[in-house]
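See below for the structure under consideration.
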Amino acid sequence: MIGFYNYTVLLTYVSAVAAAVGIVFAMHGNGFAAILCLMASGICDMFDGLVAKTRERTRQEKRFGIWIDSLADVVAFGVLPAVIGYSFGMKQFYYIFVIAVYVLAAVIRLAYYGVTEEERQNETTAARTSYIGLPVTSAALIFPLLYCFKGLIGSTYFAPVYSLVMAVTALAFVMRFKVKKLMCKGMLALLGIGVVIFLTLLFLRTR
């Protein structure tokens with residue numbers, strides 16, 4: 001079979017599968033399960049880079065890792081949040097426009113990152129210290145956090161609020177501002193925030 005199947009890309013594959021499952025849940029109206037799948041993809045993406053660094057890879061394996069990660073991210077953090085929004089009532093033409101812009105912004109950002117990261121790795125072996133624009137993986141926290149307030153916002157107004165957050169997030173994807181790459185402590189902090197959001201979702205679900 002074509003492709004690479006060592007453990008360095010396993011989490012990326014799991015992320016893509018979780019996103020695909022989340023899309024199915026969203027299409028069947030189970031927004032809660034879809035949001036959990038989005039968070040699962042975010043966790044996989046958070047640690048796939050660390051796992052990849054534990055093994056000496058060939059140049060082809062490194063390039064494959066860059067592109068498979070970006071492709072998985074398109075599904076997980078571009079398409080999945082858009083389908084979740086649609087399942088929450090974003091079905092009018094102006095909502096469809098926001099959805100299209102969001103997905104396009106995610107695709108543009110990921111393609112730009114893929115090109116620049118490949119060039120950077122050809123020039124230096126030093127670790128990346130910052131990003132330009134908001135990383136698409138931030139969707140794994142932004143939309144689950146928003147979902148925590150669904151009960152307070154109400155079903156009537158949730159679609160407009162969700163679309164507004166999508167539009168702002170899409171703009172942040174392609175804006176030229178520097179975002180510092182999180183190191184170990186920062187990643188643990190984000191993981192802690194994710195755990196709090198997850199527990200909040202479970203609590204709200206059982207009420």
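Under the simplified labelling scheme, the Leu188-Arg128 pair shows an inter-label distance of 2.4 nm, with each label point 7 Å from Cα along Cα→Cβ.
The base-10 log of I(q)/I(0) for the stretch 108-204, evaluated at q = 0.10, 0.15, 0.21 Å⁻¹, reads -0.37, -0.76, -1.14 [Debye formula, identical scatterers on Cα atoms, solvent excluded]. Both the radius of gyration and Dmax for the stretch 104-146 are 12.7, 40 Å, in that order, over alpha-carbon atoms.
Between 0 and 90 degrees, the angle of helix 155-174 with respect to the longest Cα principal axis of the chain falls at about 20 degrees. Loop-resident trypsin sites (Lys or Arg not before Pro) (DSSP state other than H, G, I, E or B) in the stretch 68-176 with no more than 11 further Cβ atoms inside 10 Å of their Cβ: Arg176.
Only Lys, Arg, Asp and Glu carry charge here, each on its Cβ (+1 for the first two, -1 for the last two); on that basis the stretch 94-207 has a dipole of about 380 debye about its Cα centre.
The angle between the Cα long axis of helix 31-52 and the longest principal axis of the Cα atoms of the chain comes to about 10 degrees, rounded to the nearest 10. Please grab the % of Cα pairs in the chain that end up more than 21 Å from each other. Cα-Cα pairs of the chain separated by over 21 Å account for 53 percent.
To the nearest ten degrees, helix 93-123 and the longest principal axis of the Cα atoms of the chain are 10 degrees apart. Ordered from longest to shortest, the equivalent ellipsoid semi-axes for the stretch 14-53 are 23, 8, 4 Å, each the square root of 5 times a Cα gyration tensor eigenvalue.
For the stretch 128-207, the set of chymotrypsin sites (Phe, Trp or Tyr not before Pro) satisfying both a DSSP loop assignment and a count of at most 10 other C-beta atoms within 10 Å is given as Phe177. Using the Cβ-Cβ distance between Leu199 and Leu104 with R0 set to 35 Å, the FRET efficiency works out to roughly 0.55.
Enclosing the Cα atoms of the stretch 1-114 in their convex hull gives a volume equal to 98 cubic angstrom per residue. Each helix, a run of at least 4 DSSP H residues, gives -39500 (n - 2.57); summed and divided by the residues of the chain, these come to -24500 deg cm²/dmol at 222 nm. Of the listed pairs Lys91/Lys150; Lys150/Lys178; Lys53/Lys181; Lys91/Lys178; Lys150/Lys180, which have alpha-carbon separations greater than 24 Å here? As for pairs spanning more than 24 Å Cα to Cα, those are Lys150/Lys178; Lys91/Lys178; Lys150/Lys180. Using the Cβ-Cβ distance between Val24 and Lys62 with R0 set to 41 Å, the FRET efficiency works out to roughly 0.80. For the chain, the relative contact order is 24 percent, taking Cα pairs closer than 8 Å that sit 6 or more residues apart in sequence and dividing their mean separation by the residue count. On the principal axes of its alpha carbon atoms, the stretch 68-152 extends 48, 26, 20 Å, with the longest extent given first.
Any read-out appearing in this document is the output of simple, stated calculations on the displayed coordinates, not a laboratory observation. None of these values were measured; they are calculated from a predicted model. We place every Cβ from the backbone using ideal geometry, glycine too, and count neighbours over all the protein chains shown.
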